[in-house]
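Before any comments, here is the structure.
The values are calculated or read from the model by the stated rules, or taken from the named source; none is laboratory data. Quantities reported herein were computed from a predicted structural model and do not represent experimental measurements. Note that we place each Cβ from the backbone using ideal geometry, even for glycine, and neighbour counts take in every protein chain shown.
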Amino acid sequence: MKRKVCVVTGSRAEYGLLKPLLAEIKNDGEMELQLIVTGMHLSSEFGLTFRDAEKDGFLIKEKIDILLDSDTPVGIARSMGLALKSFAEGYERLQPDCVVVLGDRFELFGVVAAALVSRIPVVHIHGGELTEGVFDDAIRHSITKMSHLHFTSTEEYRKRVIQLGEDPKRVFNVGALGIDNVKRLTLVPKEELEKEWVFTFAKHNILVTFHPVTLEDNTAQEQFRNVLDVMDGIPDMHIIFTKANADPGGKTINGMIDEYVSRNSRKAVAVTSMGTAKYLSTMKLVDAVVGNSSSGIIEAPSFRVPTVNIGDRQKGRVRAKSVIDCEPTKKGIKRAIERLYSEEFQKSLENVVNPYGDGNTAKRIKGILKSNDLTGIVKKSFYDMTGGRNEVL
């Protein structure tokens, strides 16, 4: 009997990372892929990106709408509660052998909690990481404690998952799925991007991806205004913006992007949902990724494209030497841009090594999923690192 692997995705970025794994599962004769889409995928505001999965040839088993129409704390909490109820019902219909989730999005908390009480093994990808500026940290670690198998992107993160009390025999350092995309995707030509976006790449171009810092109160507007002001002061700089996600403050950032592009249409363009191929193709073409997205930390170093990482949103992540960290002030951002174009820094990019793996993560995950017996697996113990034993709770 085929092993029924249920994979849940709630955002365009998450789907892009999961895509190589989805393909591996789909093409394996001993596995059945059960794809559930939710969250931003089902929102017209974020481009109805569930269509990307359909275009890629994946059969969507369930579309679970959690009414993601508000980025306020109350609205997000309501969506989390609806996810818990709706996914419990979805699992009852699908009867999966395991549920696979990636990362730390708030909607995944309900997704995983529903699987836990349904006694369905949870497989967590990208656990053990730190993003000290957002509440995703607490959600990520909570998902770790409800999960049964763990696939981390670096050895440091593997050790942190074990530090959280997880059995080392169930924690695997496999690298980051994003590197699989970098190594395997057919990139989109510059001319095709320019035609679609009605945009011209200039001598100097940057890709701006900026999300709210959810553990700070009302900072999104001020910080992003600093980014835009610095960009205005750089002559002959063309800018490609990607829209912010559905965290608190995301709509504020997206409104500021739209207003900026309307005033600077000759040098700036905003794209609601690029898709993985276009996003990585753009990344390879620009001078730098600017903002606070994990893509600047994880994927960009594989292209030897530098990153100006602004503020604390990604604080705590392992990073390559191509990442320039700066304060979210005009002075800090300006200094980082100046360093970016310095001869010394540009020369250093020749020797950049990406710490997130070699691009074979999807195959590793699928192999481990196939070789591990998930029958009757439950969370019964806390691994004690000091004594090297399992203590039954």
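Things to note:
- Restricting attention to segment 276-305, the residues that are over 17 Å from Ile206 (Cβ atoms) and either crowded, with 20+ Cβ neighbours inside 10 Å or touching a strand residue (DSSP E or B) at 6+ places or on another chain (Cβ under 9 Å) (or both) add up to 4.
- Members of segment 96-124 that are within 20 Å of Phe172 (Cα to Cα) and not aliphatic (A, V, I, L, M): Asp97, Cys98, Gly103, Asp104, Pro121, His124
- Phe210 vs. criteria closer than 30 Å to Lys330 by Cα and surrounded by 21 or more Cβ atoms within 10 Å (Cβ to Cβ): yes
- Residue within segment 173-186 that is of a type outside the set (S, T, N, Q), on the phi > 0 side of the Ramachandran plot and touching a strand residue (DSSP E or B) at 6+ places or on another chain (Cβ under 8 Å) present: no
Yes or no, residue by residue, for (1) outside any helix (DSSP H, G or I); (2) modelled with pLDDT under 90:
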| site | (1), (2) |
| --- | --- |
| Val5 | yes, no |
| Asp52 | no, no |
| Leu68 | yes, yes |
| Gly81 | no, no |
| Ser86 | no, no |
| Val100 | yes, no |
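- Some residue of segment 284-293 being in contact with a Gly (Cβ under 8 Å, 6 or more places away or on another chain), at pLDDT below 95 and assigned to a loop (DSSP other than H, G, I, E, B): yes
- Just one of the listed residues (Ser273, Ser281) is in a helix (DSSP H, G or I), closer than 25 Å to Asp52 by Cβ, touching a helix residue (DSSP H, G or I) at 6+ places or on another chain (Cβ under 7 Å) and of a type in the set (S, T, N, Q), namely Ser281.
- Hey, Glu89 among the acidic types (Asp, Glu), surrounded by fewer than 19 Cβ atoms within 10 Å (Cβ to Cβ), assigned by TED's automatic domain parsing to the domain that holds Thr9 and over 17 Å from His148 (Cα atoms) or not: yes
- Reported count of residues in segment 144-155, each being assigned to a helix (DSSP H, G or I) and either in contact with a Gly (Cβ under 7 Å, 6 or more places away or on another chain) or hydroxyl-bearing (Ser, Thr, Tyr) (or both), is 1.
- Filtered by the rule that a residue be closer than 13 Å to Asn354 by Cβ and surrounded by 23 or more Cβ atoms within 10 Å (Cβ to Cβ), segment 306-341 gives Pro306, Thr307, Ser322.
- The condition of being modelled with pLDDT under 95 and either part of a strand (DSSP E or B) or of a type in the set (Lys, Arg) (or both) holds for only one of Arg158, Arg140, that being Arg140.
- Under the condition of being at pLDDT below 75 and either farther than 12 Å from Met146 by Cα or in a strand (DSSP E or B) (or both), the residues counted in segment 378-389 number 6.
- The conditions of being crowded, with 18+ Cβ neighbours inside 10 Å, of a type outside the set (S, T, N, Q) and either modelled with pLDDT under 95 or over 26 Å from Gln95 (Cβ atoms) (or both) are not met by Gly165.
- Residue in segment 120-133 that is under 20 Å from Ile368 (Cα atoms), touching a Gly at 6+ places or on another chain (Cβ under 7 Å) and part of a helix (DSSP H, G or I) present: no
- Of the set (1) crowded, with 24+ Cβ neighbours inside 10 Å; (2) in a loop (DSSP other than H, G, I, E, B), all apply to Pro235 but (1).
- The set of residues in segment 141-163 being of a type in the set (D, E, K, R) and farther than 23 Å from Asn354 by Cα consists of Lys145 alone.
- For segment 16-45, a tally of residues being closer than 23 Å to Ile298 by Cα and touching a residue at least 60 places away in the same chain (Cβ under 8 Å) returns 9.
- Counted residues, segment 213-232 - those being modelled with pLDDT under 85, charged (D, E, K, R) and assigned to a helix (DSSP H, G or I): 0
- The one condition in (1) under 16 Å from the mean Cα position of the chain (by Cα); (2) within 16 Å of Asn354 (Cα to Cα); (3) of a type in the set (Val, Ile, Thr) that Thr272 fails to fulfil: (2)
- Any chance Ser371 is modelled with pLDDT under 95, farther than 30 Å from Lys19 by Cα and among the small types (Gly, Ala, Ser): no
- When Gly47, Gly39, Gly16 are checked against the criterion of being under 19 Å from Ser153 (Cβ atoms) and modelled with pLDDT under 95, a single residue qualifies: Gly16.
- If you go through segment 293-341 and keep only what is touching a Pro at 6+ places or on another chain (Cβ under 6 Å) and either outside the structural domain of Phe241 (by TED's automatic domain parsing) or under 24 Å from Leu18 (Cα atoms) (or both), you end up with Val318, Ala320.
- Exactly one residue among Asn205, Asn245, Asn254 is in a loop (DSSP other than H, G, I, E, B), under 24 Å from the mean Cα position of the chain (by Cα) and surrounded by 15 or more Cβ atoms within 10 Å (Cβ to Cβ), and that residue is Asn245.
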